[in-house]
1. Ranked highest first by average number of other Cβ atoms within 10 Å, how do 74-84, 91-101, 46-56 line up?
2. Full extension from residue 142 to residue 3: what is 0.36 nm times the residue separation minus their Cα-Cα distance, to one decimal in nm?
3. Provide, in order from the shortest bin, the percent of all Cα-Cα pairs of the chain in each 10 Å bin, continuing until the bin that contains the maximum pair distance.
4. At 25 °C and 0.890 mPa s, what whole-number value in µm²/s does Stokes-Einstein give for the translational diffusion of segment 33-98, with Rh from the Kirkwood sum over Cα pairs?
5. For the chain, with only Lys/Arg (+1) and Asp/Glu (-1) charged at the beta-carbon, what is the dipole magnitude about the Cα centre, in debye rounded to 20?
6. In degrees, nearest 10, range 0 to 90: what is the angle between the Cα axis of helix 64-73 and the longest Cα principal axis of the chain?
7. Translational diffusion coefficient, Stokes-Einstein: compute it for segment 48-136 using the Kirkwood radius over C-alpha pairs as Rh, at 37 °C and 0.692 mPa s, and state it as an integer in µm² s⁻¹.
8. Pull out the extension gain between residue 83 and residue 28, defined as 0.36 nm times the separation in residues minus the alpha carbon to alpha carbon distance; nm, one decimal.
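The values are calculated or read from the model by the stated rules, or taken from the named source; none is laboratory data. The model shown is predicted, which means the values in this text are computed figures rather than measured ones. Ideal geometry is used to build each Cβ from the backbone, glycine not excepted, and the neighbour counts take in all protein chains shown. The protein model used for the area step is the full one, side chains on, heavy atoms only, and it has no ligands, DNA or RNA in it. Shrake-Rupley method; radii C 1.70, N 1.55, O 1.52, S 1.80 Å.
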Amino acid sequence: MTTKLHMLTDGQARPLVLLLTAGNVNDNPTFPQLMAGLRVARPGPGRPRTRPDHVLGDKGYSSRANREHLRRRGIPHTIPEPRDQQANRARRGSRGGRPVGFNAARYKRRNVVERGFNQLKGWRGLATRYDKHAINYRGALTYRALLAWLP
């Protein structure tokens, strides 16, 4: 049995939200759960922030539902559209809607997310993965994520 890690990171590749699912779960249904788990403490008093400045995602998170979720919350996003979705939209003609906006220069910063994954999974305790239970794996991920926040 396998597991898949879904993660939101900040601009310094530090994990903000970790979500562990079964390995065969698609990325699209997990996106609202990731966004719901986002809580960033403010420097002073007040409730934590739940709305990021901008969201960068890969093609796995490109769906109409995810884009609508972000649009409804007023969150700008840069998510590339897969070729099959582009072809389906073009096939429908004017009923297919307009192409999604994509900023290639901003998307280049997506490597920060990949660096966050590498920092987590580069730890030998996670890379070897001797434990068989997802709860133990999640605990190790959480511990490693907390270490990322230490100076």
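1. 74-84, 46-56, 91-101
2. Here the answer is 48.6 nm.
3. Values per bin, smallest distances first: 9, 35, 34, 17, 5, 0.
4. 177
5. So the magnitude is around 400 debye.
6. The answer is roughly 80 degrees.
7. 207
8. Separation in residues times 0.36 nm, less the Cα-Cα distance, equals 18.1 nm.
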